[in-house]
1. Residues in the range 239-259: is at least one of a type in the set (Asp, Glu), touching a residue at least 24 places away in the same chain (Cβ under 8 Å) and surrounded by 17 or more Cβ atoms within 10 Å (Cβ to Cβ)?
2. Just a yes or no: is a residue in the range 199-212 touching a residue at least 60 places away in the same chain (Cβ under 8 Å) and in contact with a helix residue (DSSP H, G or I) (Cβ under 6 Å, 6 or more places away or on another chain)?
3. Any chance the range 226-234 includes a residue that's open to solvent by less than 10 Å² (accessible area, probe 1.4 Å) and under 13 Å from PRO23 (Cβ atoms)?
4. Please enumerate the residues belonging to the range 177-195 that are within 16 Å of VAL264 (Cβ to Cβ) and open to solvent by less than 10 Å² (accessible area, probe 1.4 Å).
5. Report the residue count in the range 150-161 for those that are open to solvent by 20 Å² or more (accessible area, probe 1.4 Å) and closer than 23 Å to PRO49 by Cβ.
6. Residue by residue through the range 81-114, note down the ones that are in contact with a His (Cβ under 9 Å, 6 or more places away or on another chain), open to solvent by less than 40 Å² (accessible area, probe 1.4 Å) and part of a loop (DSSP other than H, G, I, E, B).
7. Mind checking whether some residue in the range 72-87 is over 26 Å from ASP29 (Cβ atoms), in contact (Cβ under 8 Å) with a residue 40 or more places away in the chain and touching a helix residue (DSSP H, G or I) at 6+ places or on another chain (Cβ under 7 Å)?
Amino acid sequence: MVDHFGKLNGGTVPLELHYNWQPSNILNDPFRTDRGHGCLVLNREIKIPPHVVRALWENASLRCCVDGGANRWLHFLTSEINQEYSLKLPDLITGDFDSITAETTDYFAKRDIKQMHTPDQNHTDFSKAVDIIKPLLTKQKLQDIVVFHDTSGRFDQIMANVNTLFTRYDERCRIFLLGSCALSWLLKPGKHSISIPSHLVKDKRWCSLIPVGHEATNVTTSGLKWNLNNGSLRFGGMVSSSNTYSCTEVEIETNSELVWSMGVFSFNDD
């Protein structure tokens, strides 16, 4: 993905383990990922700035609402601020349909939106939706999913969404969780280069590296206010929360999965 090698545990990181991330593509014009994207709407109130939601949705090549997410999308479509816009309809609605209302079902059925029932209770509706749209994205040569969600509310659902980052990880189909105050995604073992929008550096927005599930014993960073040098991150020990930036280029080297999260948009979350 990049044209040079890094070091991991004293050795050379293979080319495929060096990842380059450009979050500004999602947060600002052109409002699309560098590899093309689809959009998923989960069952949380959409608090992301409306112009960002509209741009990401319109620029997506595949659009999916997940169960009660269809209610959220219908509310977004019909809200006063969006009534002047003629936004594209979802390509499909998925889920076990225990949250979608009859009104929403009828609205989209009249517009011939495909509905795919996924009753399996061993997986979340989010995970099942990813399983459905992955091959559709691959067919269109798209490689990313931008998920509209928010982290307020039920802790179990928040953690289930993070778990989907792990269980549905695929280098050919990256998943980005976008909410009103944060953009989050999974970092796999290897070296990661993240280009930080300059206004986030100037405004000292927060960022974090969270070791979910297991310890990361060898983490080295640069470009953060508080960097690690072959440090250890684990629950019951240290996690890198409430960090910020020293420059616009962040380098992270890790021997284990980490969840990267960065503050965006709203400033009342610090």
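1. Yes: the range 239-259 contains one or more residues that are of a type in the set (Asp, Glu), touching a residue at least 24 places away in the same chain (Cβ under 8 Å) and surrounded by 17 or more Cβ atoms within 10 Å (Cβ to Cβ).
2. no
3. no
4. LEU177, LEU178, GLY179, LEU183, TRP185, ILE194
5. 6
6. Selection gives ASP96 alone.
7. Taking every residue of the range 72-87 in turn, none turns out to be over 26 Å from ASP29 (Cβ atoms), in contact (Cβ under 8 Å) with a residue 40 or more places away in the chain and touching a helix residue (DSSP H, G or I) at 6+ places or on another chain (Cβ under 7 Å).
Let's see how each residue does on (1) touching a Cys at 6+ places or on another chain (Cβ under 9 Å); (2) of a type in the set (S, T, N, Q); (3) modelled with pLDDT of 95 or more:
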{"site": "THR94", "(1), (2), (3)": "yes, yes, yes"}
{"site": "PHE108", "(1), (2), (3)": "yes, no, yes"}
{"site": "ASP112", "(1), (2), (3)": "no, no, yes"}
{"site": "PRO119", "(1), (2), (3)": "no, no, no"}
{"site": "ASN122", "(1), (2), (3)": "no, yes, no"}
{"site": "VAL130", "(1), (2), (3)": "yes, no, yes"}
{"site": "THR138", "(1), (2), (3)": "yes, yes, no"}
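The values are calculated or read from the model by the stated rules, or taken from the named source; none is laboratory data. Predicted model, so just to flag it, every value in this text is computed and none were measured. No Cβ is skipped: glycine too gets one built from the backbone with ideal geometry, and neighbour counts run over all protein chains shown. The protein model used for the area step is the full one, side chains on, heavy atoms only, and it has no ligands, DNA or RNA in it. Shrake-Rupley method; radii C 1.70, N 1.55, O 1.52, S 1.80 Å.
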